[in-house]
Amino acid sequence: MSIDRLAEHSRKAVYQSVQITLASHTLTKEINTMERSVRQTLILGDESLLGGYFQAHTKFKNSTANLFQLSLHTEQKQLLEQLQSLEADISQKVTAASQAPEKLRELTQSFQSFALLLDSARNFSDFGYALIGLEIDEMQNMAERAHTVMVWELFALVPFAIFLALGFSLLITRPIRQIDEAIRNMGQGELSKIVRVDGPQDLMYLGERLDWMRRRLLKLEEQKTKFLRHVSHELKTPLTSMREGADLLAEGVVGELTVKQQQIANILHSNSIQLQKRIEDLLNFSALQTEKSALIKQKTNLAGILSVVLQDQNLAIMNKNLKIDLACTELMIDCDEQKIRIIIDNLLSNAIKFSPLGSRIKIWTNKVDDSVQLDIMDAGPGIDKIDQDKVFEPFYQGRSMPDSHIRGTGLGLSIAREYALAHGGSIDLVQPSKAGAHFSLTLPIHDPESYS
């Protein structure tokens, strides 16, 4: 607005200055023309030469009329009226002389009037130039004021712009962060948290669609868990009968078996145990998903749990001629013995599965502050870098799988991690310096809930 006012004032001032300057030059020029015409008439005695005078007189009148239409200063108007009065007196005398040739000699008295008229025209012009100078000074002052106003407005605008930028950033960043968190939670399988997005209407609508997707995934997850639970229960009953029958055959209860029959019975017995383990994994996973796996904690000797697991896996260890390097101290911990046994059994069975024939499996425990750490490391091919971030995901099976081994459900490590987290501990995949897989189980010695 300041610049617009300055520009408008400058436009008017420049226009008026140009008009006054041009008109002043015109007035002076026409006065000289009129005086020259009168002199020529007197010298040559020819009244027809007064035609030049009358033409200049007409232009003089038009110029003064145009000047009166401008926004003149009071003194300028007075000078302009004085010019008109002087020129009108001269015009009357010239007109009278043109009508009566005998009066031409009287025009010699008008030369003094021409001199006065010319001096008045110069005074009008000088006064106009002075006013133009004052107008220029005023425009400079206006420009300085406009510059000052703009500087102060700029100083006020910068923090205001920063405030607006921060406001819009917060307005946009917060809902985007909420959307990112919702997508990350859904990607990690955390479907119980409701998606809420605050902010612009479009982003709120996107949050509603994400929450619809979450509910849909949650429903599908519940259907999957329900299906697994039903199938597992349906398989467990006939499997129990099959295992009992295989046990009876292997033990020779129904009669002596031949060597080949005994081998077949042992195969049935071994595979029924494997199948039962897979079904128990599915049942445990279903219980974890439905949060029905309550912990029954009591003081338990970790070395005793490890001993029972090694005894259960003894046949698999003997079949691959593995050596177990065990270094376990006597440590009592508050835990659910069955769940900890499942954790260690899953870790050990994986180590046995991937260990080469005749190799070693190292197992050792350490006490770290108020926690116990159990490490199991095999001498197998290790875990591929592509699989390292996914080994604890449900149903995920790595690339390195022995050709001679039956593929499992991919739930062992997932269940082990969930049980460890339920105890307030963790399971980590340690990057070994040599070949092989190294898992580290950390459990609190005392029940954290007993201190709350």
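The values are calculated or read from the model by the stated rules, or taken from the named source; none is laboratory data. Given the structure is predicted, the values throughout are model-derived calculations rather than measurements. Backbone-built Cβ (ideal geometry, glycine too); neighbour counts: all protein chains shown. Side chains are part of the model used for accessible areas, which takes the heavy atoms of the whole protein and leaves out ligands, DNA and RNA. Shrake-Rupley method; radii C 1.70, N 1.55, O 1.52, S 1.80 Å.
Structure values in brief
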item: In the range 350-362, residue farthest from Leu302 (Cα to Cα) [restricted to those that are touching a helix residue (DSSP H, G or I) at 6+ places or on another chain (Cβ under 7 Å) and open to solvent by less than 30 Å² (accessible area, probe 1.4 Å)]; result: Ile352
item: Test: residue in the range 201-215 that is under 17 Å from the mean Cα position of the chain (by Cα) and either within 24 Å of Lys390 (Cα to Cα) or in a loop (DSSP other than H, G, I, E, B) (or both); result: no
item: Qualifying positions in the range 210-226 - exposed (fewer than 12 other Cβ atoms within 10 Å of the Cβ) and not polar (S, T, N, Q); result: Trp212, Arg216, Lys219, Leu220
item: The range 61-81, subset buried (at least 16 other Cβ atoms within 10 Å of the Cβ) and not hydrophobic (A, V, I, L, M, F, W, C), residue farthest from Glu30 (Cα to Cα); result: Gln76
item: Within the range 1-54, tally of residues that are assigned to a helix (DSSP H, G or I) and within 30 Å of Glu144 (Cβ to Cβ); result: 22
item: Filter result for the condition that a residue is exposed (fewer than 14 other Cβ atoms within 10 Å of the Cβ), among the aliphatic types (A, V, I, L, M) and within 21 Å of Arg122 (Cα to Cα), over Ala88, Ala96; result: Ala88
item: Total residues in the range 122-165, condition in contact with a Ser or Thr (Cβ under 6 Å, 6 or more places away or on another chain) and either open to solvent by 70 Å² or more (accessible area, probe 1.4 Å) or among the aliphatic types (A, V, I, L, M) (or both); result: 4
item: Tally of residues being surrounded by 15 or more Cβ atoms within 10 Å (Cβ to Cβ) and part of a helix (DSSP H, G or I) across the range 248-263; result: 2
item: Residues located in the range 139-166, provided they are within 21 Å of Leu6 (Cα to Cα) and either touching a residue at least 60 places away in the same chain (Cβ under 8 Å) or among the β-branched types (Val, Ile, Thr) (or both); result: Met139, Met142, Ala143, Arg145, Ala146, Thr148, Val149, Met150, Val151
item: Counted residues, the range 316-344 - those being surrounded by fewer than 11 Cβ atoms within 10 Å (Cβ to Cβ) and at pLDDT below 85; result: 1
item: Residues of the range 40-60 that turn out to be exposed (fewer than 14 other Cβ atoms within 10 Å of the Cβ) and among the charged types (D, E, K, R), as a count; result: 1
item: Selection count where residues are assigned to a loop (DSSP other than H, G, I, E, B), farther than 26 Å from His269 by Cβ and either among the polar types (S, T, N, Q) or under 47 Å from the mean Cα position of the chain (by Cα) (or both), scope the range 313-358; result: 2
item: Residue match in the range 181-193 (condition: open to solvent by less than 80 Å² (accessible area, probe 1.4 Å), aliphatic (A, V, I, L, M) and in a helix (DSSP H, G or I)); result: yes
item: Some residue of the range 56-63 being farther than 13 Å from Ala121 by Cβ and in contact (Cβ under 8 Å) with a residue 40 or more places away in the chain; result: no
item: Flag if Asp202 is over 30 Å from His25 (Cβ atoms) and open to solvent by 70 Å² or more (accessible area, probe 1.4 Å); result: yes
